[in-house]
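Have a look at the structure below before the remarks.
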Amino acid sequence: MTGGLRALACLVALAAFLSSPLQASAEELQTISPHGGYSTSGRCDVCHAAVAGGYDLVRPDYADDACIYCHVESTHSGTSVYDADSAGIMAASGHTLGAAPEIPGSSASQHAETVWLETVDARGRITRSAIVVRRYDPQPAQMYRLVPAKDGDGWLRVGPVSLRCVNCHEPHGNSRMLWQPGDASSDGAGYKLLRRSPSGAVGQAPRSDGTYPEQAPVNAIENTARAGVNFSTTSSFDGTYTANGVATTRPRWVVQDFAQDRTRVDTSTLSWWCADCHDLMLGGAQEAPAELGGTVHAERTHPCPLPDAGGGPGQCYTCHRSGLAPASSSDPCVRCHYGSEDYALDRSSLADVRSDFPHSGPPGDMKLLGVHFRRRGGVHVVDRGPECRLSRRGVHALSPWGRSPAVGEAGDSPIVAWPSPRSRRPISPS
């Protein structure tokens, strides 16, 4: 193309851009999302500029700045994040933008190994039991970003990359790249624009042109967890499966199995999505003889999904939940026993309560531990809260539903009983 024709093409593009319905007004941006629906003209222009655009033609020089312009310390969107700490995107607690590619609580690979537990009782009798434990590479996994290949066949893998907004979120709402668990899979809309593969892990080698096959990415599981189907009991990336019409590789995490009440996958059971990055935090437990402790955690001491969380199985946010479980909750048990049904209830009935979960925590917080964490005399301690009257013996009064209602000790007011796992209204025992 000659210099004159190139200049003419640029002028035509500029004229088309200037004559198009520019981005929605500030008022419209509060209710109309530019993350999808591109059959409506003008939505692309919210973030992109045909002329003088920066990376990927976004209006700022860097992609993250486009997100920050609308969503951090801004009135340009109804969704604001990184506001729990004045440090903003550099908050010490949470997902700090720009963090190194190495993922905390992760491993480059895992495999299962059988070991024998043995003990001798007072009579000299030997008790032995075999359990399967998870072994893992001490080298942490690193973050990558998956991009559809140019011709739509397969994927490009970019990285390792530092933590960015687009590691976790897919800004265009592309259903091919959105996590679509259980109750979010029917319309392809996903949940909060979360990516299917936030870590960018792959379980297959690249092709000769550097791209990866369509089924190579490891996606966060989207359907009921089933051993040997959508996760492996032996080793990382062990085989492929199909979910919601998409072929994918089994996860990096390895677990023997989950109790049936902990296999549900939907938008309230977020541990499955978190585990795509923090793959060492997902796990189960195995039965063992009483002499050996009864139950053995073969992966982690607090593996998710957790049992006995009250309203539904516990998730990562049972402990790491700065901004969740508002203080207005009347159930003191929820401070500790916060499960997936509690999360769903808060999300629906307290939609107007601002939460920066899981972006950042308040000053002094650590690892988003929120209500569980504070300092006392310079020492980090667990905060049980003023309404939680645990005895020195740690006695809980159990309800008929197998959960722990409010606790008390001799001399305290009567222990409160709870009518159902999802209720927030206490009733006094007769």
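The values are calculated or read from the model by the stated rules, or taken from the named source; none is laboratory data. The structure presented is a predicted model; accordingly, all values stated were derived computationally and were not measured. Positions of Cβ are backbone-derived with ideal geometry, glycine not excepted, and every protein chain shown enters the neighbour counts. Accessible surface is based on the protein model in full, side chains and every heavy atom, while ligands, DNA and RNA are left aside. Shrake-Rupley method; radii C 1.70, N 1.55, O 1.52, S 1.80 Å.
For the stretch 101-117, which residues satisfy the criterion of being within 18 Å of the chain's Cα centre (by Cα) and surrounded by fewer than 18 Cβ atoms within 10 Å (Cβ to Cβ)?
If the condition is that a residue be within 18 Å of the chain's Cα centre (by Cα) and surrounded by fewer than 18 Cβ atoms within 10 Å (Cβ to Cβ), then Pro101, Glu102, Pro104, Gly105 are the ones that fit.
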**Prompt:** Which of the residues spanning the stretch 159-218 are more than 24 Å from Pro358 (Cβ to Cβ) and not in a loop (DSSP other than H, G, I, E, B)?
**Reply:** Val202, Tyr212
**Of the criteria (1) modelled with pLDDT under 85; (2) not in a loop (DSSP other than H, G, I, E, B), which one Ile89 fails** = (1)
**Message:** Any residue that is at pLDDT 85 or above and in a loop (DSSP other than H, G, I, E, B) - is there at least one of those in the stretch 111-123?
**Reply:** no
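Being among the charged types (D, E, K, R) and at positive phi: is that true of Lys150 here?
The answer is no for Lys150.
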**Asked** Mind checking whether some residue in the stretch 254-268 is in contact (Cβ under 8 Å) with a residue 60 or more places away in the chain, small (Gly, Ala, Ser) and either surrounded by fewer than 17 Cβ atoms within 10 Å (Cβ to Cβ) or assigned to a loop (DSSP other than H, G, I, E, B) (or both)?
**Response** yes
**Prompt:** Out of all the residues in the stretch 125-136, is one or more farther than 22 Å from Ser236 by Cα, assigned to a loop (DSSP other than H, G, I, E, B) and open to solvent by less than 50 Å² (accessible area, probe 1.4 Å)?
**Reply:** no
**Message:** Pairs needed: first member in the stretch 150-170, over 21 Å from Ala275 (Cβ atoms) and among the hydrophobic types (A, V, I, L, M, F, W, C); second member anywhere, open to solvent by less than 70 Å² (accessible area, probe 1.4 Å) and in a loop (DSSP other than H, G, I, E, B); C-beta distance under 7 Å; at least 6 residues apart or different chains.
**Reply:** Leu156/Ala149; Leu156/Thr211; Val158/Tyr144
**Prompt:** Of all the residues that make up the stretch 240-252, how many are in a loop (DSSP other than H, G, I, E, B) and open to solvent by 10 Å² or more (accessible area, probe 1.4 Å)?
**Reply:** 4
**Complete:** Scanning the stretch 269-316 for residues that are small (Gly, Ala, Ser), under 22 Å from Asp346 (Cβ atoms) and open to solvent by 10 Å² or more (accessible area, probe 1.4 Å) gives Gly310, Gly312
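Any residue in the stretch 232-242 that is within 16 Å of the chain's Cα centre (by Cα) and either under 22 Å from Met281 (Cβ atoms) or hydrophobic (A, V, I, L, M, F, W, C) (or both)?
Within the stretch 232-242 (the criterion being within 16 Å of the chain's Cα centre (by Cα) and either under 22 Å from Met281 (Cβ atoms) or hydrophobic (A, V, I, L, M, F, W, C) (or both)), the answer is no, since none of the residues qualifies.
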**Request:** Within the stretch 269-305, track down each residue that is free of Cβ contacts under 8 Å to residues at least 24 places away in the same chain and of a type in the set (A, V, I, L, M, F, W, C).
**Result:** Ala285, Ala290
**Fill in**
In the set Val72, Val81, the lone residue that is surrounded by 13 or more Cβ atoms within 10 Å (Cβ to Cβ), in contact with a Gly (Cβ under 7 Å, 6 or more places away or on another chain), under 24 Å from His172 (Cα atoms) and among the hydrophobic types (A, V, I, L, M, F, W, C) is Val72
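Among the residues of the stretch 52-69, which ones are buried (at least 18 other Cβ atoms within 10 Å of the Cβ) and in contact with a His (Cβ under 9 Å, 6 or more places away or on another chain)?
Listed by number, the residues that qualify are Val58, Ala66, Cys67.
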**Fill in**
Of the residues in the stretch 150-165, those that are modelled with pLDDT under 90 and in contact with a strand residue (DSSP E or B) (Cβ under 7 Å, 6 or more places away or on another chain) come to Gly159
**Prompt:** What do you reckon, is Ser330 more than 21 Å from Arg262 (Cβ to Cβ) and either open to solvent by less than 30 Å² (accessible area, probe 1.4 Å) or at pLDDT 70 or above (or both)?
**Reply:** no
